[in-house]
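The values are calculated or read from the model by the stated rules, or taken from the named source; none is laboratory data. As the structure is a prediction and not an experimental result, all values here were calculated from the model. Neighbour counts are summed over all protein chains in view; Cβ atoms, including those assigned to glycine, are modelled from backbone coordinates with ideal geometry. Please note that ligands, DNA and RNA were not included when accessible areas were found on the heavy atoms of the full protein model with its side chains. Shrake-Rupley method; radii C 1.70, N 1.55, O 1.52, S 1.80 Å.
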Amino acid sequence: MIKYFIYVLLVATLCISCKQIPAKKDVASVDRELLLSNLKTLSSDDFEGRGFGTRGNYKAQQHIARQFKKLEIDQALDSGYIQEFSHTITGKRRLRMFPLDTNTLDMSKIPDTTLIGGNVVAKIKGQTDKVIVITGHLDHLGIRNGQIYNGADDDASGTVALFAIAKYFKNKNPKHTLVFAAVDAEEIGSQGCSYLLDNLPEGLEKIVLNVNMDMIAHNDSLELYASGLYHYPQLKKPLIDIKSPINLLFGHDDPNNKELDDWTYSSDHRIFHKKGIPFIYFGVEDHKDYHAPTDTFENINKDFYVEAVTLITQAIENYDKYLVTE
């Protein structure tokens with residue numbers, strides 16, 4: 001009888017202990033080779049710095065579309081992966097984008113120019129019609145004074161991350177529809193993102209969150225910022241328990257904080273914010289290669305980049321579970 005009592009007590013104790021141990025959560029993982037090989041390609045000289053309206057930019061659009069198709073991620077638009085739009089650039093701005101020998105030019109005769117841009121948009125249909133839009137900008141500064149500005153960190157890193165994140169979620173059956181948008185013309189005022197939001201088939205009212213990635217591959221201190229919580233503090237909870245070897249910091253979004261620059265309007269997420277759509281912007285602080293010809297694949301922090309994309313992927317998965325859909 002005593003042995004039976006001890007046995008029952010032991011079983012009960014084990015059952016109580018089991019309830020106290022949380023179930024092990026799946027940790028997001030991304031394809032390192034996919035990330036690094038595509039980043040090396042997209043930031044190579046072959047794409048001539050991906051300046052808006054240039055041959056290299058159009059070539060980049062086609063490359064990005066092929067990667068989504070190769071991964072079997074559905075196109076988000078009836079017209080295909082590439083969403084074309086036009087934008088007229090004044091003569092003065094055209095000179096800044098495509099520097100010429102101004103000593104031989106009559107400045108008053110430089111015409112305005114209409115250029116064709118292109119967003120590349122794919123999606124994974126979710127269990128509901130609520131939408132999370134994940135963005136990175138495909139354009140950079142092009143060729144200036146004979147030098148190619150490859151833009152490995154700014155923002156080939158965010159664009160290529162779209163492939164790895166899409167691959168991760170491909171067979172996950174997410175609650176939200178995930179739209180992956182490599183947007184054009186960020187460097188000249190986020191023209192591509194503006195066009196995307198004005199012409200997204202799902203409609204603005206279905207978008208519950210924008211996750212924007214702009215410069216996520218180069219930080220020697222292993223620090224990545226998630227900016228936007230000052231405006232949308234309800235988005236913090238899914239971020240605080242993410243385990244990562246890199247440091248996820250919050251900030252760069254408070255206009256009253258004089259110690260940190262306010263990034264609220266620094267990239268494409270500003271277009272969502274202006275329309276009242278919550279955003280989280282992942283990025284690093286400016287570094288010596290920012291907007292310089294030295295922003296190349298060789299100068300990024302490769303391990304940091306892979307870990308940053310892993311962290312962001314986990315954050316998106318948390319948001320997909322956390323955000324209430326009706």
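A few comments on the model shown:
- Listed here are the helices (runs of 4 or more DSSP H) enclosed by segment 150-266 that have at least 2 residues being touching a residue at least 40 places away in the same chain (Cβ under 8 Å) and among the polar types (S, T, N, Q): 157-169, 191-198.
- Within segment 131-175, being open to solvent by 10 Å² or more (accessible area, probe 1.4 Å), of a type in the set (D, E, K, R) and in contact with a helix residue (DSSP H, G or I) (Cβ under 6 Å, 6 or more places away or on another chain) holds for one residue alone: LYS175.
- When residues in segment 287-298 are screened for being among the polar types (S, T, N, Q) and either surrounded by fewer than 17 Cβ atoms within 10 Å (Cβ to Cβ) or in contact with a Phe, Trp or Tyr (Cβ under 7 Å, 6 or more places away or on another chain) (or both), 1 of them pass.
- Residues that are part of a loop (DSSP other than H, G, I, E, B) and open to solvent by 30 Å² or more (accessible area, probe 1.4 Å) within segment 267-286 comprise LYS275, GLY276, GLU285, ASP286, listed in sequence order.
- For segment 36-81, a tally of residues being crowded, with 19+ Cβ neighbours inside 10 Å and assigned to a strand (DSSP E or B) returns 1.
- Residue match in segment 304-320 (condition: part of a loop (DSSP other than H, G, I, E, B) and buried (at least 17 other Cβ atoms within 10 Å of the Cβ)): no
- Failed item in (1) touching a Ser or Thr at 6+ places or on another chain (Cβ under 9 Å); (2) assigned to a strand (DSSP E or B), with ASP289 passing the rest: (2)
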